[in-house]
Amino acid sequence: MSKKIYCIASFEAKEGKEKELLEVLQSLEPKTTREDGCIQYIVTKQISHPNATGKSFPIVFNEIWESQEAFELHCNKPYITNFFQAQCLDENGLVKDFNVCVYTDEIN
């Protein structure tokens, strides 16, 4: 089994800010996909489907990293820490709420 890291980072935009937030998140893609260890980094938007009626934030990053070390390096890049500070933590940011979860395919 590999030791890949899978990250699901979901975001709820503040009222009327979804398009702007989506654009900011999309701007992170080119830089991140060039990082060592990045296998996939795609921002997606929730759609309606009769077989998928679960609750989620409407904007989600689907990430796959070669290793935990590669993911850690990504998380500590200034452009990523600046995004979370300015958009998620700062009261003037675009994000109302967010959730970041990390998974592995390594089964002990």
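Give the residues of segment 89-108 that are under 12 Å from the mean Cα position of the chain (by Cα) and surrounded by 14 or more Cβ atoms within 10 Å (Cβ to Cβ), sorted by residue number. Even if it seems obvious, please write down each step before you answer.
Within segment 89-108, the first condition is being under 12 Å from the mean Cα position of the chain (by Cα), and the residues that meet it are 98-102.
Passing the criteria: PHE98, VAL100, VAL102.
Of all residues in segment 35-58 being hydrophobic (A, V, I, L, M, F, W, C) and modelled with pLDDT under 95, which is surrounded by the most Cβ atoms within 10 Å (Cβ to Cβ)?
The initial filter retains those residues of segment 35-58 that are hydrophobic (A, V, I, L, M, F, W, C), namely 38-39, 42-43, 47, 52, 57.
The next check asks that each one be modelled with pLDDT under 95; those that pass are 47, 52, 57.
On the way: ILE47: 7, ALA52: 9, PHE57: 16.
By that ranking, first place goes to PHE57.
Can you tell me which of VAL60, VAL24 is under 14 Å from the mean Cα position of the chain (by Cα) and part of a strand (DSSP E or B)? Explain how you work it out, then say what you get.
On the way: VAL24 fails: part of a strand (DSSP E or B).
Criteria check complete, one pass: VAL60.
With the structure loaded, tell me whether SER27 is in contact (Cβ under 8 Å) with a residue 24 or more places away in the chain and out of contact with any Lys or Arg (no Cβ under 8 Å at 6 or more places or on another chain) or whether it fails that test.
Numbers: in contact (Cβ under 8 Å) with a residue 24 or more places away in the chain: no; out of contact with any Lys or Arg (no Cβ under 8 Å at 6 or more places or on another chain): yes.
So SER27 fails the test.
Quick test of your reading of the structure: GLN46 fulfils all but one of (1) closer than 17 Å to PHE98 by Cβ; (2) in contact with a Phe, Trp or Tyr (Cβ under 7 Å, 6 or more places away or on another chain). Name the failing condition by number.
The single condition GLN46 does not satisfy is (2).
Of the residues VAL43, VAL60, which single one is in contact with a Leu (Cβ under 6 Å, 6 or more places away or on another chain), of a type outside the set (Lys, Arg) and touching a residue at least 12 places away in the same chain (Cβ under 8 Å)?
Values: VAL60 fails: in contact with a Leu (Cβ under 6 Å, 6 or more places away or on another chain).
Answer to the check: VAL43.
Would you mind stating whether THR32 is of a type in the set (S, T, N, Q), within 18 Å of TYR79 (Cβ to Cβ) and surrounded by 12 or more Cβ atoms within 10 Å (Cβ to Cβ)? First the steps, then the outcome.
Numbers: of a type in the set (S, T, N, Q): yes; within 18 Å of TYR79 (Cβ to Cβ): yes; surrounded by 12 or more Cβ atoms within 10 Å (Cβ to Cβ): yes.
Here the answer is yes, as THR32 does meet what is asked.
Determine whether segment 35-48 contains at least one residue that is touching a Ser or Thr at 6+ places or on another chain (Cβ under 8 Å), among the charged types (D, E, K, R) and closer than 23 Å to LYS4 by Cβ.
Within segment 35-48, not a single residue is touching a Ser or Thr at 6+ places or on another chain (Cβ under 8 Å), among the charged types (D, E, K, R) and closer than 23 Å to LYS4 by Cβ.
Can you report the number of residues in segment 78-108 which are within 22 Å of TRP65 (Cβ to Cβ) and in a loop (DSSP other than H, G, I, E, B)?
Counting residues in segment 78-108 that are within 22 Å of TRP65 (Cβ to Cβ) and in a loop (DSSP other than H, G, I, E, B) gives 4.
The values are calculated or read from the model by the stated rules, or taken from the named source; none is laboratory data. The structure presented is a predicted model; accordingly, all values stated were derived computationally and were not measured. Every residue, glycine as well, gets a Cβ built from its backbone with ideal geometry; the counts of neighbours run over all protein chains shown.
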